[in-house]
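Enquirer: First the structure, which I've put down as structure tokens, then a few questions once you've had a look.
Readers should treat all values here as calculations from the given coordinates under stated rules, not as data from a laboratory. Computed from a predicted model, the values in this text were never measured in an experiment. Cβ coordinates were reconstructed from backbone atoms using ideal geometry, including for glycine residues, and neighbour counts include every protein chain displayed.
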Amino acid sequence: MQESKIYRSGEMFARRRPIRRTIKMRFGLFQSVQLPDPKSEVRYYKEALEQIQWAEKLGFDSAWITEHHFSRHGIVSSTLTVLAYLAGVTDTIRLGTAVTVLPFHNPIQVAEEAATVDLLSNAGWILVLAGASNGASTTN
């Protein structure tokens with residue numbers, strides 16, 4: 001029979017070498033470009049794009065754009081178009097689709113637009129795809 005031993009705090013691990021690694025906390029911006037006033041679409045787009053450019057200047061690591069259709073909750077219906085623009089005006093921030101609803105788009109066109117954003121983006125980007133009801137998958 002094995003004898004039980006009670007350890008004082010930290011005593012059990014005292015002989016192990018400490019693991020030293022630096023973990024960098026990363027910050028991102030999630031932008032859905034909401035539309036409280038339907039007469040001000042251009043203003044809301046410009047403000048959202050400016051926020052992302054400011055986020056990059058402030059050291060944020062990523063910016064995510066959501067896709068919504070027929071909703072004032074978010075007015076971006078083509079995230080890849082917006083990301084292509086942002087790829088041209090940013091350098092270090094990583095860009096991502098919060099989700100691209102694939103059934104609403106031609107998959108070949110999404111692939112081509114994604115490849116274009118990849119070419120234009122200096123910092124890299126992330127594509128998140130979703131089906132009608134089966135969750136999401138990610139691609140780098």
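Enquirer: Please arrange ARG26, ARG20, ARG94 by how many other C-beta atoms lie within 10 Å of their C-beta, fewest to most.
Expert: Numbers: ARG26 10, ARG20 5, ARG94 20.
Exposure proxy ranking, most exposed first: ARG20, ARG26, ARG94.
Enquirer: With a 10 Å Cβ neighbour count serving as the proxy for reagent exposure, in which order, fewest first, do TRP125, TRP54, TRP64 appear?
Expert: Ranking TRP125, TRP54, TRP64 by Cβ neighbours within 10 Å, fewest first, gives TRP54, TRP64, TRP125.
Enquirer: Another question about this same structure. How big is the dipole moment of region 25-139 about its Cα centre under a simple scheme where the beta carbon of each Lys and Arg is +1, that of each Asp and Glu is -1, and everything else is neutral? Debye, nearest 20, please.
Expert: Rounded to the nearest 20 debye, it is 240 debye.
Enquirer: Taking amide H atoms as placed 1.01 Å from N in the peptide plane, list the residues 5 or more away in sequence, or in a different chain, whose amide H sits under 5 Å from that of ALA63.
Expert: Hits under the 5 Å cutoff: LEU29, ARG94, LEU95, GLY96.
Enquirer: A further question follows. Neighbouring Cβ atoms within 10 Å as the yardstick, rank ILE126, ILE108 fewest first.
Expert: ILE108, ILE126
Enquirer: Give or take rounding to whole Å, what are the principal axis extents of the alpha carbon atoms in region 25-139, in descending order?
Expert: Sorted from largest, the Cα extents of region 25-139 read 36, 34, 26 Å.
Enquirer: Shifting gears a bit: Answer with one residue from ALA123, THR66, ASN106: the one whose Cα lies farthest towards the positive end of the charge dipole of region 25-139, charges on Cβ with Lys, Arg +1 and Asp, Glu -1.
Expert: It is THR66, whose Cα lies furthest towards the positive end.
Enquirer: Enumerate the calculated ³J(HN,Hα) couplings along region 38-43 in order (Karplus 6.51 cos²θ - 1.76 cosθ + 1.60, θ = phi - 60°), each rounded to whole Hz, writing x wherever the residue is Gly or Pro.
Expert: x, 8, 10, 4, 4, 4
Enquirer: Please say if region 61-126 is rounded, prolate or oblate, where rounded means a/c under 1.5 for a ≥ b ≥ c the square roots of the C-alpha gyration tensor eigenvalues, and otherwise the choice is prolate for a/b larger than b/c and oblate otherwise?
Expert: oblate
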